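*Asks:* Dumping the structure here so I can ask a few things about it.
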There are 2 protein chains.
Amino acid sequence: MKKEFRSGCPIASTLDVVGDKWSLLIIRDMLLKHKKTFKEISNSDERIVPSILSARLKLLESYKLIVKTKIPENKKENIYLLTEKGIRLAPIIIELSLWGNDNMQEFNKIDSIPDLNLEKSYIIQSVEDNYNTMLRNF
Amino acid sequence: MKKEFRSGCPIASTLDVVGDKWSLLIIRDMLLKHKKTFKEISNSDERIVPSILSARLKLLESYKLIVKTKIPENKKENIYLLTEKGIRLAPIIIELSLWGNDNMQEFNKIDSIPDLNLEKSYIIQSVEDNYNTMLRNF
DNA sequence: ATTTTTGCTTTCAAATTGATAGCAAAAATA
DNA sequence: TATTTTTGCTATCAATTTGAAAGCAAAAAT
């Protein structure tokens, strides 16, 4: 993967890795919906095409945000799981969700998100905990 | 110019507005460095080209994240200021910065960010307050 | 009066994204 | 066992977006 970083700015560096059109939606599906396979991720509302999904999964793997494994029961299917680095994107994902909910209603019909009344830090903690619990039971 | 939204997901909708390669870096310079003119924003470390900056400022204006004004002393120069919607991107910007600082060191030399020891919610509040104070004294 | 600056726009090339088809290996079904 | 379907991709090529350079009119500075 030959992608260059534009600068030493931590914001720009984060965006150089996950700031494309699809990466954070892939992470969203993995982190919030616990999706694990190519097919599951393909079937999002936004319909990412296979060539892009394939390229993005490789990039995310190269930056250690996800790992690719298999289960013994299925020799064909790849299982994609978030690493700790990937799980820690939860605060960014949640902030994107809250901002969209608060500020985009006038431009787009926004799906309601559950537990909006709860405190931000609690929501983030729950998302991370739930993913880790799923991992432990996998 | 009106870009379509991919879905009703609040995360996807936010990304449809600021999820391109440059918007959040423009917002970063406005919000953290209090940049206000085309020229100031042009001179970032990442060197955005005029055609892209022009297009992005128009898009951000159309979604009411920024407003374009002038000062009486200068008939030529446009002044770009963040609206409340734009200022409220502070949590996203700060989370991107923290994640990059914590997770990208092994791939890129990351500039150190000041006040990293302070609490997250305090950093966000300070950024928003400082911008609003600048606006009031403008 | 001339030069420089500003905030763009235009042009065109390069890179990225997207739609469709295809394909080999594995799994499911007959 | 043979055939069909599914899975996880890759290849191809068109469409869209991004990027580099130059240009330009109005305003400001000299």
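*Asks:* State which residue is nearest to B:Gln105 (Cα to Cα) when the search covers only the stretch A:61-92 and only residues that are within 12 Å of DNA strand D (Cβ to nearest atom) and surrounded by 19 or more Cβ atoms within 10 Å (Cβ to Cβ).
*Replies:* Here the residue is A:Ile66.
*Asks:* For the condition within 18 Å of B:Gly8 (Cβ to Cβ) and under 16 Å from the mean Cα position of the chain (by Cα), what is the one hit in A:Ile52, A:Ile92, A:Ile48, A:Ile79?
*Replies:* On the way: A:Ile52 fails: within 18 Å of B:Gly8 (Cβ to Cβ); A:Ile92 fails: within 18 Å of B:Gly8 (Cβ to Cβ); A:Ile79 fails: within 18 Å of B:Gly8 (Cβ to Cβ).
Just one listed residue meets the conditions, A:Ile48.
*Asks:* Right, A:Glu106: within 30 Å of B:Lys120 (Cα to Cα), surrounded by fewer than 16 Cβ atoms within 10 Å (Cβ to Cβ) and within 16 Å of DNA strand C (Cβ to nearest atom) or not?
*Replies:* Numbers: within 30 Å of B:Lys120 (Cα to Cα): yes; surrounded by fewer than 16 Cβ atoms within 10 Å (Cβ to Cβ): yes; within 16 Å of DNA strand C (Cβ to nearest atom): no.
So A:Glu106 fails the test.
*Asks:* Report, by residue number, each residue of the stretch B:16-26 that is over 18 Å from A:Glu46 (Cβ atoms) and at the interface with another protein chain (Cβ under 7 Å from one of its Cβ atoms).
*Replies:* B:Lys21, B:Leu24, B:Leu25
*Asks:* Oh, and also: Sort out which residues of the stretch B:27-58 are within 13 Å of chain A (Cβ to nearest Cβ), surrounded by 15 or more Cβ atoms within 10 Å (Cβ to Cβ) and within 12 Å of DNA strand C (Cβ to nearest atom), and write them in order of number.
*Replies:* Within the stretch B:27-58, just B:Ile48 meets the criteria.
*Asks:* Among the residues in the stretch B:35-50, are any under 24 Å from A:Ile110 (Cβ atoms) and more than 13 Å from DNA strand D (Cβ to nearest atom)? It would help to see each step written out before you state the result.
*Replies:* Going through the stretch B:35-50, the residues under 24 Å from A:Ile110 (Cβ atoms) turn out to be none.
No - not one qualifying residue is present in the stretch B:35-50.
All of the numbers you see were taken from the coordinates with simple rules; none came from a lab. All values derive from a computational prediction rather than experimental measurement. Methodologically, a virtual Cβ is constructed for each residue, glycine included, from the backbone with ideal geometry; neighbour enumeration extends over all protein chains shown.
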